[in-house]
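Before any comments, here is the structure.
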């Protein structure tokens, strides 16, 4: 049996057998893993509030060779979404991050994604939503290799820098207005510029600016639809966030 102690983010829990919980964790050292928290539904002594989704913990767990599930022994809370009053927008934003991370392959180590998730979680912990969500979705596309190049038309090669672009939820790349595909959606020049700022800045620095819901609406839509296309599923938490 191999013992592990390391940083992790709780993504999701399910009832498992009588009083146990099945827990999906995104760990820094091993990527996404699933484990069993014994008697977690009967006694909160070992885990307390550490099993709430998007809680950042130091996890102690044991792994047996040829077994799919690890044994979760103890969690130390490093930061918790319950440290502040919960509102609908922040809950939906946290669920969106968890839902996307849950789609990562089990066992794939993604340190850059882990650091991204922590940075975004930190901003959401203090009540910010729209900037961290926009930042997370765009950077997930880039880190996964799904982010299209926004500066040129993928069809004719026209330089699109400084102007709007058009994209389709079913096709690669962006186009100019003349080459836009059926069902294409426009991404404004301001949002293209905003995307470039996001890729050059930090979430903490950008989140310090005023980011009401109305700012970057088309950019968030573009980032979410790009994620959904490559994940091949609809992100229900993104729909919930859109209803705020």
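Quick rundown of the values:
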{"read-out": "Members of region 86-110 that are out of contact with any strand residue (DSSP E or B) (no Cβ under 8 Å at 6 or more places or on another chain), outside any helix (DSSP H, G or I) and surrounded by fewer than 13 Cβ atoms within 10 Å (Cβ to Cβ)", "value": "86, 87"}
{"read-out": "Residues of region 161-175 satisfying the condition of being assigned to a loop (DSSP other than H, G, I, E, B), within 24 Å of residue 214 (Cβ to Cβ) and in contact (Cβ under 8 Å) with a residue 40 or more places away in the chain", "value": "169"}
{"read-out": "Qualifying positions in region 122-159 - over 18 Å from residue 219 (Cβ atoms) and out of contact with any helix residue (DSSP H, G or I) (no Cβ under 7 Å at 6 or more places or on another chain)", "value": "122, 126, 145, 152, 153, 154, 155, 156, 157, 158, 159"}
{"read-out": "Filtered residues of region 44-64 (kept if surrounded by fewer than 18 Cβ atoms within 10 Å (Cβ to Cβ) and either touching a residue at least 24 places away in the same chain (Cβ under 8 Å) or within 26 Å of residue 128 (Cβ to Cβ) (or both))", "value": "46, 48, 49, 52, 58, 60, 62, 63, 64"}
{"read-out": "When residues of region 171-193 are limited to those that are under 26 Å from the mean Cα position of the chain (by Cα) and buried (at least 19 other Cβ atoms within 10 Å of the Cβ), the one nearest to residue 229 (Cα to Cα)", "value": "174"}
{"read-out": "Qualifying residues in region 213-226 (those that are buried (at least 18 other Cβ atoms within 10 Å of the Cβ) and touching a helix residue (DSSP H, G or I) at 6+ places or on another chain (Cβ under 6 Å)) - the one nearest to residue 133 (Cα to Cα)", "value": "220"}
{"read-out": "Residue list for region 111-152, filter: surrounded by fewer than 20 Cβ atoms within 10 Å (Cβ to Cβ) and touching a strand residue (DSSP E or B) at 6+ places or on another chain (Cβ under 8 Å)", "value": "114, 118, 122, 125, 148, 149, 150, 151, 152"}
{"read-out": "Scan of region 127-160 for residues that are in contact (Cβ under 8 Å) with a residue 12 or more places away in the chain, in a loop (DSSP other than H, G, I, E, B) and closer than 18 Å to residue 192 by Cβ, ordered by number", "value": "146, 147, 148, 149, 150, 153, 154, 155, 156, 158, 160"}
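Every number in this text was worked out from the coordinates using simple rules, so none of it is lab data. None of these values were measured; they are calculated from a predicted model. Reconstructed Cβ throughout: ideal geometry from the backbone, glycine too, with neighbour counts over all protein chains shown.
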